[in-house]
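The values are calculated or read from the model by the stated rules, or taken from the named source; none is laboratory data. Keep in mind that what you see is a predicted model, and the values were worked out from it rather than measured. Note: ideal-geometry Cβ built from the backbone for every residue, glycine included; neighbour counts use all protein chains shown.
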């Protein structure tokens, strides 16, 4: 696609002349050159070539999540057991790989303890959370919380995400299992359990992602996605429900906090005619959606967010985002034909 054609179609979209789904079906990004996506202060240039590797040597299956470590490296988690963890520099050059024992590798959380980086991996096929060093040495494991009485066997426990608080407490979201949130101390000892499957305020349908919201230091909280409900829910650290933030039309994956904003990969658009209809969503500190790279511009009527949907066929089931120290974004994708991450350079 020529730059002139892209800009022409983009201008039509901005004026409202092209509507979904006809536009989304017709418009695919075949070349990322000069393609700018996003809205307001959060706009990005697309780089489809970042991080591409030789698949016969360094394959990926589902690219589930990404983080940046203390050295500035980009760490990718995939469920391909030849190399579950792939570590890049910010230019996309391969540095190292490790991991062959995590067939259900899904969630990746980085924490720093006394100046040292550690990772928490959730594996829904192993029904475990595994804490490792940054180079893959296992520190400890957390198994299915059978002692809570909520689970009759370990197969019911299919964790998708963890988050770690300032004091080292660990919260686990059982997004593919019974939808409970389990709370542990820094040693992995069980402290609490809350949530469960349902549509009430304190319940979830697909508690897919969780993060520790430290932006208000006097009132830290947990942000937990109820993906199938198109909702983000806030709880205090004891598991008491605080509020629901609706994101109509967006099946959001885990929340990622960077500075004052919250970033999400959106797996797909709720009412899309095709399955690979995902995009990126960015909220400010007021819980207002301010940019949707790859989707409609966010708009509010009577303080309610209009339904969001994909407008550019760029992403295939985006599953996580990582924002680096230069404000660039990396997008990992699930079920995308074993593709490597996409880089979005902030402009």
Does residue 266 meet the test of being more than 24 Å from residue 216 (Cβ to Cβ) and surrounded by 24 or more Cβ atoms within 10 Å (Cβ to Cβ)?
yes
Does residue 49 meet the test of being out of contact with any strand residue (DSSP E or B) (no Cβ under 7 Å at 6 or more places or on another chain), part of a loop (DSSP other than H, G, I, E, B), in contact (Cβ under 8 Å) with a residue 40 or more places away in the chain and surrounded by fewer than 22 Cβ atoms within 10 Å (Cβ to Cβ)?
yes
Could you figure out which of (1) surrounded by 14 or more Cβ atoms within 10 Å (Cβ to Cβ); (2) part of a loop (DSSP other than H, G, I, E, B) isn't true of residue 72?
(1)
Okay, strands (runs of 3 or more DSSP E) sitting entirely in region 212-294 with 3 or more residues that are under 18 Å from residue 306 (Cα atoms) and within 16 Å of the chain's Cα centre (by Cα), I get 250-252, 261-269, 279-283
Can you tell me which residues in region 226-251 are within 16 Å of residue 211 (Cα to Cα) and surrounded by fewer than 22 Cβ atoms within 10 Å (Cβ to Cβ)?
231, 234, 236, 237, 238, 239, 240, 241, 242, 243, 244, 245
Tally time: how many residues in region 126-138 are buried (at least 18 other Cβ atoms within 10 Å of the Cβ) and in a strand (DSSP E or B)?
5
Can you name every residue in region 76-125 that is closer than 13 Å to residue 58 by Cα and part of a loop (DSSP other than H, G, I, E, B)?
79, 80, 81, 82, 83, 84, 93, 99, 100
Taking residue 58 as the residue in question, decide whether it is more than 20 Å from the chain's Cα centre (by Cα) and modelled with pLDDT of 95 or more.
yes
Some residue of region 303-317 being buried (at least 24 other Cβ atoms within 10 Å of the Cβ) and either within 14 Å of the chain's Cα centre (by Cα) or without any contact (Cβ under 8 Å) to a residue 24 or more places away in the chain (or both):
yes
